[in-house]
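Step one of this worksheet: look at the structure below.
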Amino acid sequence: MTTSPNKKIRALTIHDFQSRKGEGSKLSMVTCYDYCSASILNESQVDCILVGDSGSMVMQGCATTLGATVPMLVQFTQAVANGAPHKFIVSDLPFCSYRKSRARTMDAVEALMRAGAQAVKLEGAAGNLKTVRHVVDSGVPVMGHLGLTPQAIHSLGGFKVQGRAPEAASRLLREAQDLAEAGCFALVLECVPADLAQVITERLSIPTIGIGAGPHTSGQVLVWHDLLGLSQSFRPKFLKTFLNGFDLVREALNAFDNEVKKVTYPDLKEHCY
Ligand code: KIV
């Protein structure tokens, strides 16, 4: 357990995830990819950070998360770990990095953990249960991710709500139980109906963290850029923006531009040597 200089913030451990579920107190998780944003998160009350493969989209402009690679996630993880030493950091295993061989999976896990992650996340259950067991047995906590799994976007046929049909809902419940049994310490549920997320959360011993999965999960996760309203184009139904970041930043940029052009900045007394 580590304590922040201001003594109010301490990093969670995987045991805290479990006890939070037991107590019924919610977990908050926000994605992050860079040092500056991580240092703000470090001084916030947000419980933990996800270095998501969504970074390929929001940081690099890719259309999907398939553009994320292990070196990219390692670089993001190092920057975030430098900025947020007092937060529990989960890093995504990117597309295909855990599907080729045990050795290559462990190379990716090792690289992310050495970069500063305290856990890794992978998507889907089919074909991953032995991998989860092996990674957990190697001393690395694993977070699962079910529902809309963006790395499988082309199999899913687009960014759509998952588990609406009864068979799909039963399959998701079974997969969630399988991942918990394989040793996952927590499970992300993305874009599933709220009542299904509630059933899964009630049936599992481990906490669930929802995104587009309603209020009954054990916690919520949002992408940094979405939460802060930094994107004008991505506004799905589940998203609440907690800041009008796009407009605020643009206004600040325009204010700078105006002052440069009017020569009110830099001021001879205040900003000059
Ligand atoms: O990469 C990511 O941002 C994620 C969240 C959407 C859970 O996996």
From the options PHE185, PHE159, residue that is within 19 Å of the chain's Cα centre (by Cα) and under 22 Å from VAL199 (Cβ atoms): PHE185
Unmet criterion (only one of (1) part of a helix (DSSP H, G or I); (2) within 14 Å of the ligand (Cβ to nearest atom)) for GLY144: (1)
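Evaluate the following for LEU187: is it away from the ligand (no atom under 13 Å from the Cβ), buried (at least 22 other Cβ atoms within 10 Å of the Cβ) and either among the hydrophobic types (A, V, I, L, M, F, W, C) or assigned by TED's automatic domain parsing to the domain that holds CYS48 (or both)?
no
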Tabulated pairs, the range 156-178, first open to solvent by 30 Å² or more (accessible area, probe 1.4 Å), second assigned to a loop (DSSP other than H, G, I, E, B) and among the charged types (D, E, K, R), C-beta under 8 angstrom, 6+ apart or interchain: none
GLN162 in contact with a Ser or Thr (Cβ under 9 Å, 6 or more places away or on another chain) and within 15 Å of the ligand (Cβ to nearest atom): yes
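Name every residue in the range 152-175 that is part of a helix (DSSP H, G or I) and in contact with a helix residue (DSSP H, G or I) (Cβ under 6 Å, 6 or more places away or on another chain), in order of residue number. If you could, list the steps in order and put the result at the bottom.
First, the residues of the range 152-175 that are part of a helix (DSSP H, G or I): 152-156, 166-175.
ALA169, LEU173, listed by residue number.
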Qualifying residue in the range 235-249 (condition: crowded, with 18+ Cβ neighbours inside 10 Å, polar (S, T, N, Q) and assigned to a loop (DSSP other than H, G, I, E, B)): no
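Just to confirm my filter: which strands (runs of 3 or more DSSP E) fall fully inside the range 1-114 and include at least 1 residues that are modelled with pLDDT of 95 or more and open to solvent by 30 Å² or more (accessible area, probe 1.4 Å)?
In the range 1-114, 27-31 are the strands (runs of 3 or more DSSP E) which contain 1 or more residues that are modelled with pLDDT of 95 or more and open to solvent by 30 Å² or more (accessible area, probe 1.4 Å).
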Options LEU148, LEU129: the member that is at pLDDT 95 or above, aliphatic (A, V, I, L, M) and open to solvent by less than 10 Å² (accessible area, probe 1.4 Å): LEU148
Identity of the residue in the range 47-62, without any contact (Cβ under 8 Å) to a residue 60 or more places away in the chain and within 14 Å of the ligand (Cβ to nearest atom), that ends up nearest to ARG10 (Cα to Cα): CYS48
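The values are calculated or read from the model by the stated rules, or taken from the named source; none is laboratory data. Predicted model only: the values in this text are computed from it and were never measured. Counting neighbours? That spans all protein chains shown, and the Cβs are built from the backbone with ideal geometry, glycine included. SASA here: full protein model, heavy atoms, side chains in, ligands and nucleic acids out. Shrake-Rupley method; radii C 1.70, N 1.55, O 1.52, S 1.80 Å.
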